[in-house]
């Protein structure tokens, strides 16, 4: 038994010491350009204005860092944090926050997820994807029914879709 363990440890040491191939040393990924993130947020804000809502819009990158945060002049202060958390929820679960909300309501996800930081499973957050890559997420808050927040986020995505479909 001791011989087997020693052999296993030696094999693990050799595997760990194996040289790294160049293609494994650098990871390339697609990211959302700041101008595109701003254009998306601006279009979402404009749609909500047109619909009669004062909102905040947050766009986060693929790592959950805020790229753009816009708050309309009469949107409540709480809407900035809510918009950001909706975007982070979509990003972390890899799906629209309205879908995450349904998962909570159905019991598919337990209440322990509610206690995680930056999780807010209510409508208004959408994942930003292009060419098979997740680029980030957008969240909108301030239009009382959550489906209105989501409609504004969808309008923002539609405004930049041609730039994302590369």
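The values are calculated or read from the model by the stated rules, or taken from the named source; none is laboratory data. The shown structure was predicted, so the numbers you read here are calculated from the model rather than taken from an experiment. Note that each Cβ is placed from the backbone with ideal geometry, even for glycine, and that neighbours are counted across all protein chains shown.
Computed quantities for the displayed model
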{"quantity": "Residue match in the stretch 61-69 (condition: under 19 Å from residue 148 (Cα atoms) and either at pLDDT 90 or above or in contact with a helix residue (DSSP H, G or I) (Cβ under 8 Å, 6 or more places away or on another chain) (or both))", "calculated": "yes"}
{"quantity": "Residue in the stretch 102-110 that is under 23 Å from residue 43 (Cβ atoms) and either touching a strand residue (DSSP E or B) at 6+ places or on another chain (Cβ under 7 Å) or buried (at least 16 other Cβ atoms within 10 Å of the Cβ) (or both) present", "calculated": "no"}
{"quantity": "Number of positions in the stretch 124-135 that are part of a loop (DSSP other than H, G, I, E, B) and modelled with pLDDT under 95", "calculated": "2"}
{"quantity": "Residue in the stretch 78-93 that is surrounded by 13 or more Cβ atoms within 10 Å (Cβ to Cβ), more than 18 Å from the chain's Cα centre (by Cα) and modelled with pLDDT of 95 or more present", "calculated": "no"}
{"quantity": "Listing of helices (runs of 4 or more DSSP H) fully contained in the stretch 21-114 that carry 3 or more residues being within 14 Å of residue 156 (Cα to Cα)", "calculated": "34-50"}
{"quantity": "Residues that are in contact (Cβ under 8 Å) with a residue 40 or more places away in the chain and more than 19 Å from the chain's Cα centre (by Cα), drawn from the stretch 64-77", "calculated": "72, 75, 76"}
{"quantity": "Residues being more than 13 Å from the chain's Cα centre (by Cα) and either buried (at least 19 other Cβ atoms within 10 Å of the Cβ) or within 15 Å of residue 90 (Cβ to Cβ) (or both) - total across the stretch 134-146", "calculated": "4"}
{"quantity": "Single residue of the stretch 117-133 satisfying the filter (out of contact with any strand residue (DSSP E or B) (no Cβ under 6 Å at 6 or more places or on another chain) and under 15 Å from residue 165 (Cβ atoms)) that is surrounded by the fewest Cβ atoms within 10 Å (Cβ to Cβ)", "calculated": "132"}
